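Following: one structure in structure tokens, then a few remarks.
The values are calculated or read from the model by the stated rules, or taken from the named source; none is laboratory data. Note that the structure is a prediction, hence the values are computed from the model and not measured. Virtual Cβ from ideal backbone geometry, glycine too; neighbours counted across all protein chains shown.
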Amino acid sequence: MTAPAAKRAAGARAAGAPPSWPPLPKRRGIELALLMGAVFLSVCGYVVVGFARAHPVPSGAAGYGAGLGGLALLAHLAVRLRAPYADPLLLPTAVLLNGLGLVLIFRLDLETPADPAAPAQLVWSTVGIGLFIAVVVLLRDHQTLQRYANASAAVGLLLMVVPIFFPAVNGARIWIRAAGFSIQPGEFAKVLITVFFAAYLAANRNALAYTGQSVGRLRLPAGRVLGPVVTIWLISVGVLVLERDLGTSLLFFGIFVVLLYAATGRTGWLAVGVLLAAAGSAAVSAVEPHVNGRVRDWLHPFAGIAAGRGPGQLAQSLFAFAAGGVFGTGLGQGHSYLIGFAQKSDFILATWGEELGLAGLTALLVLYALLVGRGYQAALGLRDPFGSLLAVGLAALPALQVFVIAGGVTGLIPLTGMALPFLAQGGSSVVTNWIIVALLVRISDRARAPRPAPDPAAPGAPGGAR
Amino acid sequence: MTRAIRHTAAFSFLLLVALLVNAVRVQVLEADGYNANPANRRASIVRYAQPRGTVEVGGRPVTGSRDSGGRLRYERTYTEGPLYAPVTGFSSQLYGTSLIEHAEDGILAGTDYRLELFPWWDRLTGTHRPGGRVETTINPAMQRAAYRGLDGRKGAVAAIEPRSGRVLALVSSPSYDPNELSGNGASVSDAWRRLNRAAQQPMLNRALRQTYPPGSVFKVVTATAALESGRVRDLDAPLDIRDPYTLPGTRTSLGNPAPGCEDAGLKEAFRLSCNTVFARLGVDVGLREMAATAERFGFNDRGLRIPSPVAPSTFDTRMDPAQLALSSIGQYDTAATPLQMAMVASAVANDGQLTPPYLVDKVTDAGGVLVAAGARGPTQQVMNPATAEQLQEMMTEVVAHGSGRPAAIDGFTVGGKTGTAQHGVRNEGTPYAWFISWVRKKDNHEPVVAVAVVVEDAEAEREDISGGGSAGPIARAVMAAGLR
């Protein structure tokens, strides 16, 4: 080794962390570049829709681009200042999904000029990004949330119950309507309940994991800890069945089972969860005519055509996906409006599938996989069980949600109404998703931030907590 | 906990992969089935999203497109619907297409692969070509003359250019207005029901799809067989066929409307349209030879398309001699479309050569670049040119000194044959008046037009066995229009 080289090596060692503990780069520049790309892609989509419809460049293109870009920039600044180590992929992915969702809604507005949805969605997106910034700035440490776990559960349940006292909209009592606004409190409840689940399971995971009787290789959970679990399950499922919002009911239960498994690592819980879900689904679909109808639609999507009633929504949705083929018809050139009701919300994926094809759908699923995967990555990087479980819950939420609604509109599973994260029309949903991303940014910042150098004197100090 | 988190992550990805696999199923593997589902309106929306290509007559479009502003955006319009309906057919958003609109649908709708400039790229980008243009062989003046001549009476006219086979006029009467069927509203279904129930059957294309007993005009075919088989060699030699003629094996006797048939030669018998002579000649020639001759003219051909399918004209191939005798004068089961009889006149006029008729002159793309020329079939020799010459002489005689006089045109050579066909139970129906003819210049052997006219409601001419009084003037008007 030459002298200068040795000197350089020594200097590097002296200036940096120990070699076994290199600090992760902040990667804020990459985030900014990706954000610009996301905004650019969204504006491109907006312009393409305009061209496809033989308009010139839509007059709002510049304003739309500037607005989305400005919001993205503000969010970026908040992250740069308050969560400098946050995962650089989370924010750009969310901005891109939200931007493309606005493009799709703008595109579908062209088919329903009397009932535009894009302006309201833009306002809700702004509110969502505002809340994102607020969470990133105000919530310095995710562990603060652990202290409010019980309050979260109470507020969450309240939010789920309140809509029962409001009139049903399209058969589901999930809305609060007042002063021209309508919000879906169940969307916010998702996050609150997830916080509670994470806190409860973090506190009780040892009891859940290591007590109970063994039956063969399965170890059944003890009744003492099973009680609260079943209670939560009954409450949320009961409330949601009353509201006839079965997608959300399924989602809550799914999140709970996922977190239970993540906390305990016990397949016995999975077995219990799957049994409960199966029993619940079978019972509900047998008793509840609404759900029963959905199952029949799923099994026979073309029954309406055979009966002379014309294609139902699911059949129209399948037609739309098939019309898209591999490469799609091109933005603005499909006919997904044939789906009619809920084309901008529950069925928005059909427009994506028809106009962007299987190629576009694959890209979309990759985007969701990125969002979900980065959430799990944050969960793996943390050492506190609450944080890890919260990250798992927040990552599983969009994953399950995408599966339930995308599987529903493509005929994989029975259709249950649910918002496709960031894409579907719906203010409450978009705001909630921004809060989820904000929490994931906060958690990933903690996971990737350099930790205090381990004290070599302390015995048994955790090394690489991974 | 790390292991369990990894498992939940893997589970989440599994869900997304399941979505992707299912999307491949819907968008690729099963896509064709969904796209072809009749309840899927996309095909019609795309089809009607652009103006339909035009059908042209004499270089001028006779069809158009109207922006309805509805979901199925463009509706077909017809400039002179009833006049050209037997040529164009209809293009309806509810009831599909017919005739040229049907036969050339791919070109008119822009979906025909021959319109694609860069097939691979067009298919990838889903580009739709504008509809092409279909130029017909119809001569508008002749079409109009035929339409005016029929004047709403039940009947049909078919005219052909003998050398080329171009269909110059194709009229069916009474006609209908295809404009009424274009859209998709209640008025369209009402019109459809009304037109289909109408006693006059206005949507029946009588020139192509209706067969009539040809009656005496079939004697051209019988005369051809008699000459070609050598049964008759001298047109003027008396044939000595008894009047009345008792059908072989029966006691039914066949008479003639006019005297002078017993000692007539073939030419005179043809002029007088002697049933006794031609019934007997048919029996003498024999079933096999009669059927072969008729088939050379195009009878019993199920495959004729112009490009719309033409109903086969029939001449039975299994008959006893009495039936053969009646068939030889165009009765019994013998039946012919007006187009078929125009082909008979055409073959005679064209020295025994039959050129298959065709209606589409050429097909171009929207910019006028040739895509395809009309399908011309090979010319067939139906009879000896010498026989054709003799038949021309006989037919000229009918117009010069016989029942075909109303079709004569000063300064031109016109040959023709009249006919009145009995039909109905015990022949009690109103007889059909037939006239087939051709015309050429006196100093030029090339025939200009061959035409066949049939008039169903020839009530006034019941006594006039010739049919010349009713159908002849129409044939004359059509030929005269073609000579201008």
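Hey, among the residues in the stretch B:172-193 that are in contact with a helix residue (DSSP H, G or I) (Cβ under 6 Å, 6 or more places away or on another chain) and in a loop (DSSP other than H, G, I, E, B), which one's nearest to B:Ser68 (Cα to Cα)?
Per the criteria, the residue is B:Asp177.
Name the pairs whose Cβ atoms lie under 7 Å apart, with the first residue in the stretch B:283-303 and among the β-branched types (Val, Ile, Thr), the second surrounded by fewer than 19 Cβ atoms within 10 Å (Cβ to Cβ) and in a helix (DSSP H, G or I), and 6 or more positions between them or separate chains?
Listed pairs, sorted by first residue: B:Val283/B:Pro321.
Among the residues in the stretch B:374-386, are any crowded, with 20+ Cβ neighbours inside 10 Å and either basic (Lys, Arg) or modelled with pLDDT under 90 (or both)?
yes
Scan B:Ser44, B:Ser68 and give me the residue that is in contact with a Gly (Cβ under 7 Å, 6 or more places away or on another chain), under 27 Å from A:Gly334 (Cα atoms) and surrounded by fewer than 18 Cβ atoms within 10 Å (Cβ to Cβ).
On inspection, the qualifying residue turns out to be B:Ser68.
Going by the structure shown, is B:Val283 assigned by TED's automatic domain parsing to the domain that holds B:Glu456, modelled with pLDDT of 90 or more and more than 30 Å from B:Ala169 (Cα to Cα)?
Spelling it out, B:Val283 is indeed assigned by TED's automatic domain parsing to the domain that holds B:Glu456, modelled with pLDDT of 90 or more and more than 30 Å from B:Ala169 (Cα to Cα).
The conditions are (1) closer than 15 Å to A:Asp445 by Cβ; (2) in a helix (DSSP H, G or I); (3) in contact with a Leu (Cβ under 7 Å, 6 or more places away or on another chain), and A:Thr126 fails exactly one of them. Which is it?
All conditions are met except number (1).
Can you pull out the residues in the stretch B:426-484 that are of a type outside the set (A, V, I, L, M, F, W, C), closer than 18 Å to B:Met341 by Cβ and at pLDDT 80 or above?
B:Pro431, B:Tyr432, B:Ser437, B:Pro447, B:Glu456, B:Ser470, B:Gly472, B:Pro473, B:Arg476, B:Gly482
One line per residue, one yes/no per condition, for (1) more than 19 Å from A:Val49 (Cβ to Cβ); (2) touching an Asp or Glu at 6+ places or on another chain (Cβ under 8 Å):
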residue	(1), (2)
A:Asp297	yes, no
A:Gly328	no, yes
A:Gly332	no, yes
A:Ser345	no, no
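Looking only at the stretch A:321-331, count how many residues are surrounded by 19 or more Cβ atoms within 10 Å (Cβ to Cβ), without any contact (Cβ under 8 Å) to a residue 40 or more places away in the chain and facing chain B (nearest Cβ under 7 Å).
5
Does A:Val366 fit the bill of being surrounded by fewer than 22 Cβ atoms within 10 Å (Cβ to Cβ), part of a helix (DSSP H, G or I) and either at pLDDT below 95 or more than 9 Å from every other protein chain (Cβ to nearest Cβ) (or both)?
Answer is no for this residue.
Where the second residue is polar (S, T, N, Q) and surrounded by 15 or more Cβ atoms within 10 Å (Cβ to Cβ) and the first is facing another protein chain (nearest Cβ under 7 Å) and farther than 15 Å from A:Val409 by Cβ and lies in the stretch B:1-24, which pairs have Cβ atoms under 8 Å and are six or more apart or on separate chains?
The qualifying pairs are B:Met1/A:Ser388; B:Ala4/A:Thr264; B:Ile5/A:Ser388.
Is it the case that some residue within the stretch B:227-246 is buried (at least 24 other Cβ atoms within 10 Å of the Cβ) and either in contact (Cβ under 8 Å) with a residue 24 or more places away in the chain or not assigned by TED's automatic domain parsing to the domain that holds B:Thr418 (or both)?
Checked against the condition, which is being buried (at least 24 other Cβ atoms within 10 Å of the Cβ) and either in contact (Cβ under 8 Å) with a residue 24 or more places away in the chain or not assigned by TED's automatic domain parsing to the domain that holds B:Thr418 (or both), the stretch B:227-246 yields at least one hit.
Based on what the data block shows, is A:Ala277 at negative phi and either modelled with pLDDT of 85 or more or over 23 Å from the mean Cα position of the chain (by Cα) (or both)?
Criteria not met by A:Ala277.
State the number of residues belonging to the stretch B:318-350 that are in a loop (DSSP other than H, G, I, E, B) and farther than 22 Å from B:Val285 by Cα.
Counting residues in the stretch B:318-350 that are in a loop (DSSP other than H, G, I, E, B) and farther than 22 Å from B:Val285 by Cα gives 2.
Please state which one of A:Ala369, A:Ala378, A:Ala449, A:Ala424 is within 28 Å of A:Gly265 (Cβ to Cβ) and in contact with a Gly (Cβ under 9 Å, 6 or more places away or on another chain).
A:Ala378
Within the stretch B:38-51, how many residues turn out to be facing chain A (nearest Cβ under 7 Å) and either at positive phi or not in a helix (DSSP H, G or I) (or both)?
Matching residues across the stretch B:38-51 total 3.
Could you say whether any residue in the stretch B:159-182 is surrounded by fewer than 24 Cβ atoms within 10 Å (Cβ to Cβ) and of a type in the set (A, V, I, L, M)?
Within the stretch B:159-182, none of the residues are surrounded by fewer than 24 Cβ atoms within 10 Å (Cβ to Cβ) and of a type in the set (A, V, I, L, M).
Of everything in the stretch B:221-247, what is part of a loop (DSSP other than H, G, I, E, B), modelled with pLDDT of 85 or more and of a type outside the set (A, V, I, L, M, F, W, C)? Give them in sequence order.
B:Ser229, B:Gly230, B:Arg231, B:Arg233, B:Asp234, B:Asp236
Show me the helices (runs of 4 or more DSSP H) found entirely inside the stretch A:247-306 where at least 2 residues are within 13 Å of another protein chain (Cβ to nearest Cβ) and in contact with a strand residue (DSSP E or B) (Cβ under 8 Å, 6 or more places away or on another chain).
Answer list for the stretch A:247-306: A:267-287.
For B:Gly89, only one of the following conditions fails: (1) buried (at least 17 other Cβ atoms within 10 Å of the Cβ); (2) on the phi > 0 side of the Ramachandran plot; (3) more than 27 Å from the chain's Cα centre (by Cα). What is its number?
Looking at each condition in turn, B:Gly89 falls short on (3).
Go through (1) part of a loop (DSSP other than H, G, I, E, B); (2) surrounded by fewer than 24 Cβ atoms within 10 Å (Cβ to Cβ); (3) more than 7 Å from chain B (Cβ to nearest Cβ) for A:Gly334 and report which single condition fails.
(2)
Only one of A:Gly375, A:Gly411 is modelled with pLDDT of 95 or more and within 14 Å of another protein chain (Cβ to nearest Cβ). Can you tell me which?
A:Gly375
Pull up the stretch A:337-349, narrow it to residues that are surrounded by 22 or more Cβ atoms within 10 Å (Cβ to Cβ) and either acidic (Asp, Glu) or more than 10 Å from chain B (Cβ to nearest Cβ) (or both), then point me to the one that is farthest from B:Leu72 (Cα to Cα).
Per the criteria, the residue is A:Asp346.
When you scan the stretch B:89-113, how many residues do you find that are among the aromatic types (Phe, Trp, Tyr) and touching a strand residue (DSSP E or B) at 6+ places or on another chain (Cβ under 9 Å)?
So the answer is 1.
What are the residues in the stretch B:91-123 that are within 14 Å of chain A (Cβ to nearest Cβ) and over 26 Å from B:Arg71 (Cβ atoms), if any?
B:Trp120, B:Trp121, listed by residue number.
Of all residues in the stretch B:25-36, which are facing chain A (nearest Cβ under 7 Å) and within 30 Å of B:Gly89 (Cβ to Cβ)?
B:Asn35 - this is the single residue of the stretch B:25-36 that is facing chain A (nearest Cβ under 7 Å) and within 30 Å of B:Gly89 (Cβ to Cβ).
B:Ala311: in contact with a helix residue (DSSP H, G or I) (Cβ under 6 Å, 6 or more places away or on another chain) and part of a loop (DSSP other than H, G, I, E, B), yes or no?
In short, yes.
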